[in-house]
Protein chains: 2
Amino acid sequence: MQLPLGFRYSGVRANIKKSGLPDLALVVTEEPATAAGVYTQNIVRAASIDWNRAITPTENFRGLVVNAGNANACTGAQGVADNQQMAAELARQIDATENQICVLSTGVIGHLLPMRNVVSGIEAAIQTAGDSPAHFDAASSAILTTDQSPKVAHSSIEISGSEIRIAAMAKGAGMIGPNMATMLAVVTTDARLDASTAADVLNRVANRSFNNISVEGHTSTNDALLLLASGQAMASPLSGLDLENFEGELTRIAIELAKKIPSDGEGATHLICISVTGAATDADATRIAKSIANSALVKCAITGGDPNWGRIVSAAGYCGVEIQANEISLHLNGHELFRDGTPTAFDAAIVSQSIKDSFETDVQLSVGGGPGRSQHWTSDLTVAYVRFNSEYTT
Amino acid sequence: MQLPLGFRYSGVRANIKKSGLPDLALVVTEEPATAAGVYTQNIVRAASIDWNRAITPTENFRGLVVNAGNANACTGAQGVADNQQMAAELARQIDATENQICVLSTGVIGHLLPMRNVVSGIEAAIQTAGDSPAHFDAASSAILTTDQSPKVAHSSIEISGSEIRIAAMAKGAGMIGPNMATMLAVVTTDARLDASTAADVLNRVANRSFNNISVEGHTSTNDALLLLASGQAMASPLSGLDLENFEGELTRIAIELAKKIPSDGEGATHLICISVTGAATDADATRIAKSIANSALVKCAITGGDPNWGRIVSAAGYCGVEIQANEISLHLNGHELFRDGTPTAFDAAIVSQSIKDSFETDVQLSVGGGPGRSQHWTSDLTVAYVRFNSEYTT
């Protein structure tokens, strides 16, 4: 694994989490870099979201501070001041200004940050920051909350003779809904991008990856996806075919990383991969896919290894998209269950076994002859999810 | 309990259900009566839905046949033919014509009806039909599927010197979503209504009752609400103030009956009563209430007795309605948890205990100073719900 040039990473214990696990991460650059973001659409949102929105996209980024264990959301004016202090502290440590610093927070809602611990944590983190894989891994561990393990993805590609590296980390296992960058994710690269290009690319990538995942469909207050581009791998910003190639690779990495979130969904025993084709438009296909993904009955059926086509087809039927019932066909794990509006004579035992034998369940729904298509990834709904979310208290 | 004049009811075992429980019900009139319906908006829908849509509203109704245990949905041309045969059989038994007969089906999707059993059942049911409370109860039992007990509501009111009686039955415990008459319900009355008035009244009543309930938000293929008015209590159709009084009473009965559905939601340990006020419009308030009601995280919090205002407030925030975060206030079981965008210093132990001590949990959200308001009733999400829906196979 080769990390992108131009970044230092760090992850430390700042005693924000009661568990004592690592909970403060930094990503800093020596030189000004490009940063773009995609943020939660929730009206109830964290101070950090408004802060980042105001300063991205930018070509003047110098540092990112992330705390886990406390979302700093619904915390009023004090929360806004605390968020600003986090930016100011990191800026002071690296000879930057506040508006060169992005901030991300994740964890419980409605509690004030323990700012003494946060400030000490930033000081400690900058002391230990470095550019090795171990430093990257420390950062990726320090952003987690209810995740079972770190979520990372790496790649490197050659574009017009330059080696470009991408290293990405994400967190998220619950309160995951498909309405804009539903988690925290930070993608670093040493490609050079101007600010507006970075923002455009990131929006398109988000709509093909992080916006198409869900656990229970609950859009959080703190969701954010950041793209940080140091430009150290090349002299001029990417454009034309080179930019297209880069975007393709970035999309691939983003999907790889995004799928890890529902795979680690609270209590999940299956990753459900939903593909909808034949809709009038991509937007229609997306609405159908999300309706299936958000159906508790569909999720429970997969949990139980039940090839319950009725729940899948009816979830497509009630989502408000105009489709013809007699044009709907369904494959599950490659088996045809439903064709042109009526069930086929499939062997339920074989299909059931195919669900039970694999962590991934493949749902392919065709709704007609249109060009619209969409993919969505979600977790199943288990007894463990309900136990966890009945017992976990904010 | 006095039943409306002019109806006979019946409920029998027709061996459609594997369990051998009663599964075929009739409601018949001697004289032509008014019938109106509100039906599922799901594009994937049962043969019975299209049948009833074609013949209601009508002033020429003579009979209703309901079967449980088989939804006759996604059954193609044979399903349509079977539905027609059900109507024809009942018509033959009571000297009516097919188009005077409504049909309702509920149960598993995608299987053909055992028509020999259905036809024998109709013959047996007409033999035993009667107008006593025992007959009404037999019918209300024969329409159930996963319900734990019959759901009925009765009333009688005096309007302009006439005694008017209402007797209503419903079924439904799963696949309950708030997008049009989400279950089977049959309301009989001896009020006299013309067909178009009956249809208008029923639409308004549905939007204040059955359209505001949910279990997991999954709109079924077979939902239907029928209003059957024999007119036997009076000579002329209701109008003016008399009609308003009748509609008020019908709304009260419909809400009473509708609330029994999420109260009996699969695995439910709480009925969650959500009231949203202060929105710009009623439609906005409804969208917010449904977003809260459909949040698995909110439902799990109530299951666990957790006064988790963060999940409630953020569900309001992501539903797409334009509200101001600093105008949101929340009461739970009468305790103020959140005011003007920030949490209050409430005693979590006391509020938690109030959730645990009562089957009903009262959620009151105010989102501003507007006139829009809405109510919604839903069940919580429990381990038992997931167990049931992972193990129950279509």
Open item on the list: For the interface of A with B, what's the total buried accessible surface in square angstrom, probe 1.4 angstrom, rounded to the nearest hundred?
Closed with: 4000 Å²
Task: Sites residue A:21 and residue B:282 - FRET efficiency at Förster radius 45 Å, r taken between beta-carbons, to 0.05 - done: 0.45
Task: Qualifying lysines (Cα of each under 19 Å from Cα of residue A:290; at least 8 residues distant if same chain) - done: A:259, A:260, A:299, B:290
Open item on the list: How tilted is helix B:240-263 with respect to the longest principal axis of chain B? Cα atoms for both, answer in degrees (0 to 90, nearest 10).
Closed with: 70 degrees
Task: Long-range amide H partners of residue B:131 with built H, under 5 Å - done: B:9
TODO: Sort shortest first the distances from residue A:78 to its counterpart in every other copy, using label points 7 Å along the Cα-to-beta-carbon line, and give them in nm.
DONE: 6.8
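Inside 10 Å of the C-beta atoms of B:301-311, what's the mean count of C-beta atoms belonging to other chains? If you can, show how the numbers build up before the last one.
Working: counts 5, 1, 5, 8, 3, 6, 2, 7, 4, 12, 5.
Mean partner shielding for this stretch: 5.
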Task: Solvent-accessible heavy-atom area per residue, rounded to whole Å², over region A:226-276 at 1.4 Å - done: 33 Å²
Open item on the list: Given a 1.4 angstrom probe, I'd like the percentage of the accessible area of the protein assembly as shown that is carbon and sulfur, rounded to a whole number.
Closed with: 46 percent
Task: Estimated D of region A:35-76 in µm² per second, where Rh is the Kirkwood radius over Cα pairs and Stokes-Einstein applies at 20 °C, 1.002 mPa s - done: 187 µm²/s
TODO: Just flag the GluC sites (Glu not before Pro) in region A:317-351 sitting in loop per DSSP whose Cβ has no more than 11 other Cβ atoms within 10 Å.
DONE: A:322
Open item on the list: As a test of understanding, state the convex hull volume per residue of chain B from its alpha carbons, in Å³.
Closed with: 133 Å³
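Of all beta bridges DSSP finds with both residues in the protein assembly as shown, what is the antiparallel percent, to the nearest 5? The partial results should precede the final answer.
Working: 106 of 152 bridges.
Taking every DSSP beta bridge with both residues in the protein assembly as shown, the antiparallel ones total about 70 percent.
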TODO: Along Cα-to-Cβ, 7 Å out, sits the label point; list in nm, shortest first, how far the one on residue B:200 is from those in the other copies.
DONE: 5.5
Open item on the list: Could you give each residue of region B:97-112 its phi-based ³J(HN,Hα) in whole Hz, using Karplus coefficients 6.51, -1.76, 1.60 with θ = phi - 60°, and x for Gly or Pro?
Closed with: 10, 2, 6, 9, 10, 8, 10, 10, 10, 8, x, 6, 9, x, 10, 6
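All other residues with a Cβ under 13 Å from the Cβ of residue A:352 taken together, and with Lys, Arg as +1 and Asp, Glu as -1, what is their net charge?
Details: positive: A:356; negative: A:306, A:347, A:357, B:391.
Its environment carries a net charge of -3.
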Open item on the list: Students sometimes get this wrong: rank A:136, A:388 by accessible area, probe 1.4 Å, all chains present, largest first.
Closed with: A:388, A:136
Task: Residue-averaged [θ]222 nm for chain A, counting only DSSP H segments that reach four residues, each worth -39500 (n - 2.57) - done: -11000 deg cm²/dmol
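Using a 10 Å cut-off around each Cβ of peptide B:102-112, what is the average number of partner chain Cβ atoms that fall inside?
On the way: counts 0, 0, 0, 0, 0, 0, 2, 7, 8, 2, 0.
Taking the mean over all residues of the peptide, I get 2.
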- [ ] Calculate the spin-label point distance for residue B:149 paired with residue B:239, positioning each point 7 Å from the Cα along the beta-carbon direction, and give it in nanometres.
- [x] 4.4 nm
Task: Fraction of beta bridges assigned by DSSP in chain B that are antiparallel (%, nearest 5) - done: 70 percent
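Counting pairs of alpha carbon atoms under 8 Å apart in space and at least six apart in sequence, what relative contact order in percent does chain A give? All intermediate terms of the calculation are to be shown ahead of the outcome.
Working: 1008 pairs, mean separation 68.1, N = 394.
Reported as a whole number, the value is 17 percent.
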Open item on the list: For residue B:369, place a label point 7 Å from Cα along the Cα-to-Cβ direction in every copy; what are the distances to the other copies, in nm, shortest first?
Closed with: 5.7
- [ ] Let me know the mean shielding of B:65-78 by other chains, meaning the per-residue number of their Cβ atoms within 10 Å of its Cβ.
- [x] 2
- [ ] Work out from phi, with θ = phi - 60° and the Karplus expression 6.51 cos²θ - 1.76 cosθ + 1.60, the ³J(HN,Hα) of each residue of region B:144-150, listed in order in whole Hz, and give x for Gly and Pro.
- [x] 7, 10, 8, 4, 7, 7, x
Task: Solvent-accessible surface (1.4 angstrom probe) belonging to residue A:347, in square angstrom, nearest 10 - done: 80 Å²
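Could you tell me whether region B:12-109 comes out rounded, prolate or oblate from its Cα gyration tensor? Rule is a ≥ b ≥ c as square roots of the eigenvalues, rounded for a/c under 1.5, then prolate if a/b exceeds b/c, otherwise oblate.
Numbers: a/c = 1.80, a/b = 1.22, b/c = 1.48.
Oblate is the answer for region B:12-109, as a/c is 1.5 or above yet b/c matches or exceeds a/b.
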- [ ] Add +1 for every Lys or Arg and -1 for every Asp or Glu among the other residues with Cβ under 11 Å from the Cβ of residue A:200, and state the total.
- [x] -1
- [ ] Provide the per residue accessible area, probe 1.4 Å, for region A:14-71, rounded to a whole number of square angstrom.
- [x] 33 Å²
Task: Nearest 10 degrees, 0 to 90: helix B:282-293 Cα axis against chain B principal axis - done: 80 degrees
TODO: Enter the accessible area per residue of region B:287-394 (Å², integer; probe 1.4 Å; all protein chains in place).
DONE: 38 Å²
Task: Spin-label model distance (nm) - residue A:99 vs residue B:54, 7 Å beyond Cα toward Cβ - done: 6.9 nm
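The values are calculated or read from the model by the stated rules, or taken from the named source; none is laboratory data. This is a predicted model, so every value here is computed, not measured. Cβ atoms come from the backbone with ideal geometry, glycine included; neighbour counts cover every protein chain shown. Accessible surface areas use protein heavy atoms only, side chains included; no ligands, DNA or RNA. Shrake-Rupley method; radii C 1.70, N 1.55, O 1.52, S 1.80 Å.
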